[in-house]
Each structure stands twice: as structure tokens, then as C-alpha cells.
Amino acid sequence: MKAKLAVLAAKAAALAAGAAGGKSSSMPGAVALRICPNLIEVLSKQVRKGIIVTCGTNGKTTTNNLMCSALEGKGYKVVCNKLGANMINGVATAFALAAGSDGRIDADYAAIEIDEASAPKVFKYMRPDVMVITNLFRDQLDRYGEIDITADLLKSAIEMVPKLTLVLNGDDPLCAQFGVKENRKSVFYGISEQVLPQTDDTKEGRFCPVCGAQMWFDYYHYSQLGKYECPKCAFKRPRIDVEVKNVDLGTPMRFTINNKPMVLNYKGFYNIYNMIAVYAGLSALGEDTNDFQNLLKGYKPQIGRMEEIVLCGKPVILNLAKNPAGFNQAIQTVLTDKRKKDIIIAINDNANDGRDVSWLWDVDFELVADEYMNTLTCTGKRLYDIALRFKYSDVKVDEITSDMKSAIEKAIKTDSEVCYVLVNYSAMYTTEDIMLELKKKYGGA
């Protein structure tokens, strides 16, 4: 009875939030859990075939939602927190809103994104069958602390589910360690060739997670992702089960997964990792992957993941980047575009961004000023911090403004061919709203 009342209360709260213009991603779950604290346990046990969860610093929303699309494409009914609300209230919202008014779930699978720090709290009530860990990078120091704290939180969550199968990024030693230390059934995925120039990127996980020695890299893709080996102990890149080779970063991107050719119609080398995480996850669930290429053809990026809106005939591309690894990869993606471009960067320091913005000094912002950059604008609550960072990189900033709408309007009226808007988390939705408002004003696609 409590579960039924909690579901009804969550649905009422979602309707009220929707009427007020909200996205109803966490608040309904918070209401439901006050009525039935074990609601996630009650509802998740009703999922028929399996539960797959996705954790990791970068890429988990894209990976989780693509997983949901893949399963739905096979005809399954799936519970999913698609808006990316990944703490316990958001997970409760996903289950409550998927339930009927009788408090019952009709679902074959659940594909749930979970914040790393929240994983032990959620696993107290839910026992997933498969857990994908995409990567571990330094992120929100004032909330998570250093990476080893995040790793310990994930380890404690893994220990709570004895039969859990792990799907791990084998190119990331900080992910691969879970398969070595926890003695669990593990599926490793990775990119088994050098693809990118070997620049002096920040390798946050360059020290062996087993013995602490500095590891050797044959090559790396970005940050600590690559082919590694510890010179002091036996720890090294594991045998890769889901392997990418033959990477072509043109438009569209092309590569092979276990020798099967794939074509990906949107930008960002890091998106290959998201794709193979899903492929590996499906394999771990026992699902067929022969139709995976068809999924790639139809999939569209999530909000703020190289999301393109055409304004006044000019593509404006919005991308979320919330930590050094993410921003460096966003910058590399921008650099592959040889069109004349305007660049807008917005940095906020709201609670869900992390108050500490010292990470800006670990981003390779000096690379932004290539020969194709037309104008550079800094905005957001910490506009002066990012402008100062560019000053120390000897990169000229054309405008510093708190008005994102004005910045985009100016950019679409220049003689450049494309505009990139790189934002951290809390600036993403407001920026998309502005772009959609301008689309109505000026027209676009």
C-alpha cells in the first residue's frame, strides 16, 4: 500500500512540476521516498530480465541512454532515468513514473545511470545484474575529493552485490583495477591502437592502482586512457573482450568493433568509448549485437552532447564539458573542425557544478586559439576566472559578458561558418533554452 501511495504521489508531483515548467527529474522521487523509503527495492524487483547500471565520471548519460535505446530497439520495455538525474531521488523518480497507478512495474529491463557517490546508497535497495564503469577522472574536488575516494565508493558498492558482472573500460587503469581486485566476472572494452597525437595531456591515473608505481604507456588516447603496464608489479592493460580498431576520425567516424565495421554520424573521439561500452553491456546481458550498426544510424546525441541547432543558417553546437578530461576532449573535437568558428565558453560554480573551479588550470585552453578561431567569448558566473585563464595562456578574449543570449546572437551574425558553445553542467539547460528561443526568433533547424 505504501508503494502504491508513493507512486501516486510521485506522479502528482511530476504533473505539478510540469505545469510549473520543471523537468521533474528528482523531486517526484524525493516525495515518493518520504512515503515509502524502500520504493526502489519494491519496484526494481519487478523488472523481469535484468538491471544494468552505468557509473563513471564522463559519458554515463550518453552511454546509459544509448543502452536504453538499444534495448527498446529490440522491443523491450525499459525503465530509464533519461534526464540524467542519477542520485537516489532521481533513480526513485525513474521507477515511480514508470509504474502504473497500481504500483506495479511492467518492464523487461532497467537501464539506470548512477552517480558514483550515490552507488552505495542505491545498491542498498537495488541489486543490478551488470555495472558499466566508463572512466574515472578528477571531478568536483569539493564534492568527491581525489579519484581514490571515488574508487573506494565504487568498490564498496560492488561489494554489496556478489553476483554483479562488471563492464569496464580496459584502457583506464582506474576502471580496470575493479576487475583485478574484486575477482568478479568482467568484460573489458577498449581501443587497441594509437589514434591521437601523443600530446602532454594530464594523466590523472598514471600511478599503478595496485602498487603505486608510475606506469609505462605504449600510447594513450587522453588523460590516463591507453595501453599501460606497471614496471613494478603484474598490473597492466587487460585482455580486451570488446575491441575497437581501424579508427577514422573523419565525418562520419568509422571504426570496427571486434572486426565488425561501424559508422558514427557525430563528432567526438570520446563517443567511440560510449558506443563500445554499450556494445559490451549488451553482450554482458546476453543480448545479440549483430544489429548494433543500425542503432548507431538512428541514435541522436543527448542535450548538450555536441547538440547542433542552426540559427540564421549557421550551426551552433552546444557541448557539455565539466572537468579537465572532458574539456580537453571537447577542445580536440573543436580543433578537428577546420571551418572558421566563434567559440563561447561558459563556466558556473553552482552546487551541481562544484564550487571549486581550480580545475580550469588543468585544461589545455591555449590550444583553442588555432588559425580557424574567429572570436572568443567568456561568460557564466565565473566568467572572469575563465578569462584570466586565457590571459595566462596568451589567448585573446574578444568579449566578457554575463549575457549568454547576447553572446550567441553576436556569434550568429559574424562571418564565421560555425559557433561552438562549451559549457559546464548548470549552464547546459539554460543555454539550450536560449538557443531554442533564438531559433523561434530567427528561424532555423
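Extension gain for the segment Lys181 to Arg48, taken as residue separation times 0.36 nm less the Cα-Cα distance, is 44.8 nm to one decimal. Working from Cα pairs under 8 Å separated by at least six residues, relative contact order for the chain is 12 percent. Each residue in Thr431, Thr61 was given a count of other beta-carbon atoms within 10 angstrom of its own, and listing them fewest first yields Thr61, Thr431.
Applying 1/(1 + (r/R0)^6) with R0 = 35 Å to the Cβ-Cβ distance of Lys124 and Asn258, what FRET efficiency is obtained, to the nearest 0.05? The value I calculate is 0.45. Kindly flag which residue pairs out of Lys2/Lys45; Lys341/Lys413; Lys314/Lys405; Lys11/Lys124 have an alpha-carbon separation exceeding 18 Å in this structure. Violating the 18 Å Cα-Cα cut-off are Lys11/Lys124.
Scalar couplings 3J(HN,Hα) for the stretch 184-191, obtained by applying the Karplus form with A = 6.51, B = -1.76, C = 1.60 to θ = phi - 60°, are 10, 4, 9, 10, 9, 10, x, 10 Hz; x denotes Gly and Pro. Look at Ser223, Ser283 and count the other Cβ atoms within 10 Å of each Cβ; fewest to most, that gives Ser283, Ser223. If the segment from Leu15 to Asn352 were pulled out straight at 0.36 nm per residue, it would be longer than the present Cα-Cα gap by 118.9 nm.
Computed from the C-beta positions of Met160 and Tyr392 and an R0 of 45 Å, the FRET efficiency is 0.50 to the nearest 0.05. Amide H contacts of Val132: Val53, Thr54, Cys55, Val167, each under 5 Å away and 5 or more positions distant or on a separate chain (H built 1.01 Å from N in the peptide plane; Pro and chain starts excluded). So if we plug the beta-carbon distance of Cys233 and Lys440 into 1/(1 + (r/R0)^6) with R0 = 56 Å, what FRET efficiency do we get, rounded to 0.05? Computed FRET efficiency for Cys233 and Lys440 comes out at 0.40. Charge dipole (Cα centre; +1 on Lys/Arg Cβ, -1 on Asp/Glu Cβ; no other charges) of the chain amounts to roughly 1360 debye.
Fewest first, what order do Cys419, Cys36 take by the number of other Cβ atoms within 10 Å? Don't skip to the end; give the middle numbers.
Details: Cys419 26, Cys36 23.
Ascending number of Cβ neighbours within 10 Å: Cys36, Cys419.
Residue separation of Met1 and Lys74 scaled by 0.36 nm, minus their Cα-Cα distance, works out to 22.9 nm of gained length. In sequence order, the stretch 40-45 has phi-based couplings of 4, 5, 4, 7, 5, 5 Hz under the Karplus curve 6.51 cos²θ - 1.76 cosθ + 1.60, θ = phi - 60°, and Gly or Pro positions carry x. Evaluating 6.51 cos²θ - 1.76 cosθ + 1.60 at θ = phi - 60° for every residue in the stretch 114-121, the Karplus couplings come out as 10, 4, 4, 5, 8, 4, x, 5 Hz, glycine and proline recorded as x. Under 22 Å of direct C-alpha separation, and excluding same-chain neighbours fewer than eight residues apart, Lys297 reaches these lysines: Lys60, Lys74, Lys77, Lys82, Lys245, Lys260, Lys267.
Every number in this text was worked out from the coordinates using simple rules, so none of it is lab data. This one's a predicted model, so the numbers in the text were calculated from it and none came from an experiment. Quick reminder, even Gly has a Cβ in these numbers, built from the backbone with ideal geometry, and neighbours come from all protein chains shown.
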